[in-house]
Every structure is written in structure tokens, then in C-alpha cells.
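Just so you know, all these numbers are worked out from the coordinates, no wet-lab data involved. Everything numeric here is computed off the predicted structure, so don't read it as measured data. Here the Cβ is made from the backbone with ideal geometry for all residues, glycine too, and neighbour counts use every protein chain on show.
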């Protein structure tokens, strides 16, 4: 598994963008009023505006994402090892992902690479 993303949800996208712009000494690779994306090496720092979660949406929670070659098979293997997949594999506008939580309750995304 390869770390590909750190997602931060906030009501202060402009302030967070300015912070990471100064911290990383770089401009975002994408930006709008609701989000900004910075790259640190091969890892994306994704700043996203908090939103009211509807029943069919993912929770607007900070999380990290790992890419794997065969996400569906990897999730099956994780379940065999005793991990609980909270959001099973499905297609989103950004690609195919599944979600689980670490022991402290933090959201972890498993994403299809490529």
C-alpha cells in the first residue's frame, strides 16, 4: 500500500490553503472556493470545505488514503484478517474506493491505483 492522500476538512479553506502554501512553499495544483490540492512528493494534501453529510455521502472527516493495485481483492483480504470495511468498494467520481477505521476511529481510504 502506498500513501497517496491526506485529506483535511475545514470551514476555513482560504486560511488552510494559505497555511499550506507557506509551509510547503508551493502553489496548489488545483483550487476553488471549496477546496485546494497541494502535492508533497507523490502525496496529495487535499483541503476540502466541510459539508452537511447526506445519507448517501461519505462523512466529511479528515482521513488518509492508500492506493493498492487490486482494491476489491485487497479489501477481501483485509476482511479475512479481521478488519471491518465500513464502506464497501464502490465507484466515485474520483475513482474506486473503500473505507475502514483505525482503532482510534479515524477514517482510512483504500483506493484503486491507476
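Structure above, values below:
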{"quantity": "FRET E, pair residue 86, residue 10, Förster distance 22 Å, beta-carbon r, rounded to 0.05", "calculated": "0.45"}
{"quantity": "Percent RCO, i.e. relative contact order, over the stretch 2-105, from Cα pairs under 8 Å lying at least 6 residues apart", "calculated": "26 percent"}
{"quantity": "Sites residue 22 and residue 52 - FRET efficiency at Förster radius 22 Å, r taken between beta-carbons, to 0.05", "calculated": "0.15"}
{"quantity": "Quotient of C-alpha Rg and 2.2 N^0.38 Å, computed over the chain", "calculated": "1.11"}
{"quantity": "Burial ordering of 79, 109, 42, fewest other beta-carbon atoms within 10 Å first", "calculated": "42, 79, 109"}
{"quantity": "Using alpha-carbon coordinates, inclination of helix 71-80 to the longest axis of the chain, degrees", "calculated": "60 degrees"}
{"quantity": "Using alpha-carbon coordinates, inclination of helix 13-24 to the longest axis of the chain, degrees", "calculated": "90 degrees"}
{"quantity": "Global form of the stretch 49-114, assessed from the alpha-carbon gyration tensor, a/c cut-off 1.5", "calculated": "oblate"}
